[in-house]
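**Q** Take this structure first; my questions come after.
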Amino acid sequence: MATATEQWVLVEMVQALYEAPAYHLILEGILILWIIRLLFSKTYKLQERSDLTVKEREELIEEWQPEPLVPPISKDHPALNYNIVSGPPSHNIVVNGKECINFASFNFLGLLDNPRIKAAALASLKKYGVGACGPRGFYGTFDVHLDLEDRLAKFMKTEEAILYSYGFATIASAIPAYSKRGDIVFVDKAACFAIQKGLQASRSDIKLFKHNDMADLERLLKEQEIEDQKNPRKARVTRRFIVVEGLYMNTGAICPLPELVKLKYKYKARIFLEESLSFGVLGEHGRGVTEHYGINIDDIDLISANMENSLASVGGFCCGRSFVIDHQRLSGQGYCFSASLPPLLAAAAIEALNIMEENPGIFALLKEKCEQIHKALQGISGLKVVGESFSPAFHLQLENSTGSREDDVKLLQEIVNQCMNRSVALTQARYLEREEKWLPPPSIRVVVTVEQTEEELEEAAATIKEVAQAILL
């Protein structure tokens with residue numbers, strides 16, 4: 001019975017072959033031949049044996065040189081030639097043994113050498129020791145951390161705040177905590193390097209718009225809206241973010257926040273606002289660009305800032321709605337994996353907040369001094385002032401480039417050196433040139449603090465003018 005069945009199956013197969021289309025038979029034949037080839041062919045070919053002698057092989061090995069691990073760097077590179085600071089970099093700074101008026105450190109409110117802050121830090125040092133020696137989730141959370149987070153949330157009038165132990169890591173950790181592969185981030189072309197690193201870590205689709213150009217941003221948002229209509233299923237799971245700075249580190253310009261908020265609601269995006277320069281600077285009480293424009297802080301999905309400028313401490317924070325901030329406690333890399341902020345620095349930041357709240361007039365004073373030197377520096381032959389008149393950090397750029405970035409940097413550095421010889425401490429803005437998405441032109445960065453007197457501001461402006469004219473004309 002079995003034999004008859006097998007014969008019947010064989011007959012059916014033969015009949016099927018006769019009835020099958022020619023192209024079908026050809027395709028099956030090719031597949032069978034390909035399988036046979038794979039089964040009997042070698043997976044690799046052995047290299048032919050070398051006829052070199054042992055001596056010749058040894059000579060070749062000795063002559064071989066590996067590629068350098070890093071590209072060659074000139075010994076004259078600024079990063080390898082430090083200016084050595086002796087003592088606190090406050091109002092007056094001693095650089096390379098020479099005392100100067102400090103126009104380089106981001107000590108906007110003059111709190112770096114404040115006796116009250118030093119006393120608070122010293123008391124915390126005696127109570128807790130120097131460092132935390134553990135992340136927040138592993139015995140790195142101290143009561144002073146919780147106190148500072150509570151104070152920051154109340155100061156910014158948000159539901160919750162979260163601390164980071166390193167300013168750069170704050171926004172660089174916050175962005176990839178929310179924006180993932182497949183999400184879309186619209187970011188200003190002049191965004192600082194910390195934002196760029198956060199975007200890189202997020203692996204999201206990045207769309208750059210022209211600096212502070214809301215028309216260009218809306219163009220990109222409209223284009224994305226059209227793309228979303230083609231694939232609504234994908235659009236439903238794709239998140240859209242707009243990432244900007246309050247005051248831009250690279251340009252000293254303020255973001256047009258009211259227009260950004262309108263675009264946010266019109267195109268259903270989320271706004272991340274980086275306020276490291278504007279926190280403790282803008283607004284009647286120093287709450288930043290939201291207070292400056294009178295924008296409801298709940299219209300901003302996430303605010304971040306470092307504590308290394310106005311608060312004269314170290315680290316950074318994010319603030320916003322509780323459910324937004326709590327997500328960072330689970331996903332913020334800098335929060336989860338870095339040792340927490342040393343308690344003495346948290347105590348110093350709390351005392352700095354106390355001083356800010358007790359002296360709200362300090363922000364108007366800072367604004368006056370910014371406007372004074374900004375006005376005094378107008379009309380320098382060969383240099384132009386770049387940045388808002390109320391920004392405490394702005395730039396001096398060459399009006400006409402030499403055509404070579406290297407030569408531009410040398411010219412500006414000569415101005416910096418000559419000013420330092422005349423007791424005015426300035427610095428050039430530095431960038432990782434090979435990694436910047438949009439490399440700003442070379443510039444001298446000028447930083448204003450409340451400690452600088454009117455006479456010192458006028459004297460510094462006069463010195464910069466004289467030196468620039470001597471070098472550039």
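**Q** Filter the range 382-403 for residues that are in a loop (DSSP other than H, G, I, E, B), in contact with a Leu (Cβ under 8 Å, 6 or more places away or on another chain) and either not aromatic (Phe, Trp, Tyr) or not assigned by the TED database to the domain that holds Lys369 (or both) and give the result. Can you show your working first?
**A** Kept after step one, since they are in a loop (DSSP other than H, G, I, E, B), are these residues of the range 382-403: 382, 387-392, 399-403.
From what is left, the residues that are in contact with a Leu (Cβ under 8 Å, 6 or more places away or on another chain) are 382, 388, 390-392, 399, 402.
Gly382, Glu388, Ser391, Pro392, Glu399, Thr402, listed by residue number.
**Q** State whether the residues of the range 170-184 include one that is among the aromatic types (Phe, Trp, Tyr), buried (at least 20 other Cβ atoms within 10 Å of the Cβ), part of a helix (DSSP H, G or I) and in contact (Cβ under 8 Å) with a residue 40 or more places away in the chain.
**A** Pass one, the range 170-184, residues among the aromatic types (Phe, Trp, Tyr): 178.
Still in the list and also buried (at least 20 other Cβ atoms within 10 Å of the Cβ): 178.
Now drop any that are not part of a helix (DSSP H, G or I), which leaves 178.
Then keep just the ones that are in contact (Cβ under 8 Å) with a residue 40 or more places away in the chain; that gives 178.
Yes: the range 170-184 contains one or more residues that are among the aromatic types (Phe, Trp, Tyr), buried (at least 20 other Cβ atoms within 10 Å of the Cβ), part of a helix (DSSP H, G or I) and in contact (Cβ under 8 Å) with a residue 40 or more places away in the chain.
**Q** Within the set of pairs 6+ apart or on separate chains, which have a first residue in the range 225-241 that is closer than 11 Å to Asp205 by Cβ, a second that is assigned to a loop (DSSP other than H, G, I, E, B) and among the small types (Gly, Ala, Ser), and C-beta atoms under 7 Å apart?
**A** Filtered contacts from the range 225-241: Thr238/Gly182; Arg239/Ser179; Arg240/Ala269; Phe241/Ser179; Phe241/Ala269.
**Q** Residues in the range 242-276 that are charged (D, E, K, R), touching a Cys at 6+ places or on another chain (Cβ under 8 Å) and either more than 18 Å from Cys192 (Cβ to Cβ) or in contact (Cβ under 8 Å) with a residue 60 or more places away in the chain (or both): how many? First the steps, then the outcome.
**A** Of the residues in the range 242-276, the ones charged (D, E, K, R) are 245, 259, 262, 264, 266, 268, 270, 274-275.
Right, trim to touching a Cys at 6+ places or on another chain (Cβ under 8 Å) and you get 245, 274.
Then drop every residue that is not either more than 18 Å from Cys192 (Cβ to Cβ) or in contact (Cβ under 8 Å) with a residue 60 or more places away in the chain (or both), which leaves 274.
Residues meeting the conditions: 1.
**Q** Does Ala201 meet the test of being open to solvent by 30 Å² or more (accessible area, probe 1.4 Å), of a type in the set (A, V, I, L, M, F, W, C) and in a helix (DSSP H, G or I)? It would help to see each step written out before you state the result.
**A** Working: open to solvent by 30 Å² or more (accessible area, probe 1.4 Å): yes; of a type in the set (A, V, I, L, M, F, W, C): yes; in a helix (DSSP H, G or I): yes.
The answer is yes for Ala201.
**Q** Run down Phe142, Phe103 and say which single residue is assigned by the TED database to the domain that holds Ile464 and among the aromatic types (Phe, Trp, Tyr).
**A** Phe103
**Q** Next up: Check Glu433 against each of (1) closer than 30 Å to Gly286 by Cβ; (2) at pLDDT below 90 and name the one condition it does not meet.
**A** So the condition that Glu433 fails would be (1).
**Q** Any residue at all in the range 377-391 that's polar (S, T, N, Q), open to solvent by 40 Å² or more (accessible area, probe 1.4 Å) and farther than 30 Å from Ala153 by Cα? It would help to see each step written out before you state the result.
**A** Quick first cut of the range 377-391, residues polar (S, T, N, Q) only: 378, 381, 389, 391.
Keeping just the survivors that are open to solvent by 40 Å² or more (accessible area, probe 1.4 Å) gives 378, 381, 389.
Pick out the ones that are also farther than 30 Å from Ala153 by Cα and you get 378, 381.
Checking the range 377-391: at least one residue is polar (S, T, N, Q), open to solvent by 40 Å² or more (accessible area, probe 1.4 Å) and farther than 30 Å from Ala153 by Cα.
**Q** List pairs: first in the range 440-452 and within 11 Å of Gln397 (Cβ to Cβ), second among the basic types (Lys, Arg), Cβ under 7 Å, 6+ apart or cross-chain?
**A** The qualifying pairs are Pro442/Arg405.
**Q** Can you name the residue in the range 419-439 that is surrounded by fewer than 21 Cβ atoms within 10 Å (Cβ to Cβ) and among the small types (Gly, Ala, Ser) and, of all such residues, is nearest to Ala393 (Cα to Cα)? Even if it seems obvious, please write down each step before you answer.
**A** Here is the first cut: in the range 419-439, the ones surrounded by fewer than 21 Cβ atoms within 10 Å (Cβ to Cβ) are 420-423, 427-439.
Still in the running and among the small types (Gly, Ala, Ser): 423, 429.
Numbers: Ser423: 19, Ala429: 11 Å.
The selected residue is Ala429.
The values are calculated or read from the model by the stated rules, or taken from the named source; none is laboratory data. What you are looking at is a predicted structure, and each value in this text was computed from that prediction instead of being measured. In this analysis, Cβ positions are derived from the backbone assuming ideal geometry, glycine residues included, and neighbour counts consider all displayed protein chains. Remember, those area values only see protein heavy atoms, side chains included, never the ligands or the DNA or RNA. Shrake-Rupley method; radii C 1.70, N 1.55, O 1.52, S 1.80 Å.
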